[in-house]
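Shown next, in structure tokens, is the structure this report addresses.
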Amino acid sequence: MNFAKGSLGWIEVVCGPMFSGKSEELIRRLRRAEIARQRVQIFKPVIDQRYSDNHIVSHSELRIRSESVKDASEVAAKVDLRTEVVGIDEAQFLGEPLLEAATKLANLGKRVIVAGLDTDFLGRPFEPMPRLLAMAEEITKLLAICVRCGNPAVHTQRLFASEDLIVVGAEGMYEARCRRCFDAQLALQKPAEGETVPTGDDNRRPAARPTASATVADKAAAQTAGEPGKS
Ligand code: ADP
Ligand code: ZN
């Protein structure tokens, strides 16, 4: 959005399933703002204290420095008065208070760019994103590529059984699927006896290289582990 005059703030939302390029798009917009010499602050939630770090990293390994926050009120508190552009990634983890924080910042005249999953592992609207979409001036919905059939993918397929809304995953725990290939039952079926199921906790490889199927936590893990070739 570039038609606002004066110091009018607004909210932009970038949504879609995992692997759809939300982080890439967020990083692209924030870089352009930096090139325009605007004051930019970037945040992401601490999803896992062990892997808190200071960058947003896309699955394609684009990265931009960021500040980690425990909750949405910390975002509002950390934003400097002079900041012109505020970027927030993984917004689905920030809950309802994000709505108030984003509104407050936009009302202060800031451009607020928020990226996050709009649906959960069952394909349901993932709050607070749906409400944020209703409040935003501009919305971009991205699609990934279905790993089964190559069609545009609107869903994040959980590949293991767990009914928990948030399971920060390890490599291979989630993949992008189109509406035809998406199977919510996969996440609801109980594992067969003796079958081991990744939990997203202790079996995560701290030095995992981000791959096509790596999740946010993997990206952060690879980074804090000081993987060769990265800083
Ligand atoms: P998101 O933030 O939406 O999870 P990222 O911006 O981190 O997405 O990563 C997008 C990149 O992931 C793509 O540019 C591509 O390189 C890679 N990728 C891996 N698997 C897929 C897939 N199934 N569909 C589209 N892109 C994929
Ligand atoms: Zn498909």
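The values are calculated or read from the model by the stated rules, or taken from the named source; none is laboratory data. Being a predicted model, the structure only gives us computed values, none of them experimental. Note that each Cβ is placed from the backbone with ideal geometry, even for glycine, and that neighbours are counted across all protein chains shown.
Contact map, segment 143-167: residues that are touching a residue at least 12 places away in the same chain (Cβ under 8 Å) and surrounded by fewer than 20 Cβ atoms within 10 Å (Cβ to Cβ) paired with residues that are in a loop (DSSP other than H, G, I, E, B) and among the acidic types (Asp, Glu), Cβ distance under 8 Å, separation 6+ or inter-chain. Pairs shown: 165/120. I'd like to check something: does segment 71-84 contain any residue that is among the hydroxyl-bearing types (Ser, Thr, Tyr), out of contact with any strand residue (DSSP E or B) (no Cβ under 9 Å at 6 or more places or on another chain) and surrounded by fewer than 18 Cβ atoms within 10 Å (Cβ to Cβ)? Yes - at least one qualifying residue is present in segment 71-84. Does residue 117 satisfy being in contact with a Phe, Trp or Tyr (Cβ under 8 Å, 6 or more places away or on another chain) and not polar (S, T, N, Q)? Considered against the rule, which asks whether it is in contact with a Phe, Trp or Tyr (Cβ under 8 Å, 6 or more places away or on another chain) and not polar (S, T, N, Q), residue 117 comes out as yes. Annotation note: of 153, 192, the sole residue that is farther than 20 Å from residue 45 by Cα and modelled with pLDDT under 95 is 192. On the stretch given as segment 11-58, residues that are of a type in the set (Asp, Glu) and at pLDDT 95 or above total 4. Across segment 160-171, the qualifying residues are those that are under 19 Å from the mean Cα position of the chain (by Cα) and within 18 Å of residue 184 (Cα to Cα), and the one among them that is farthest from ligand 1 (Cβ to nearest atom) is 164.
Condition check for residue 103 on (1) among the polar types (S, T, N, Q); (2) within 15 Å of ligand 1 (Cβ to nearest atom); (3) surrounded by fewer than 17 Cβ atoms within 10 Å (Cβ to Cβ): one failure, at (2). Taken together, the residues in segment 106-148 that are among the polar types (S, T, N, Q) and more than 22 Å from residue 57 (Cβ to Cβ) amount to 2. Scanning segment 120-148 for residues that are over 25 Å from residue 101 (Cβ atoms) and within 11 Å of ligand 1 (Cβ to nearest atom), we see that the one that is farthest from the chain's Cα centre (by Cα) is 148.
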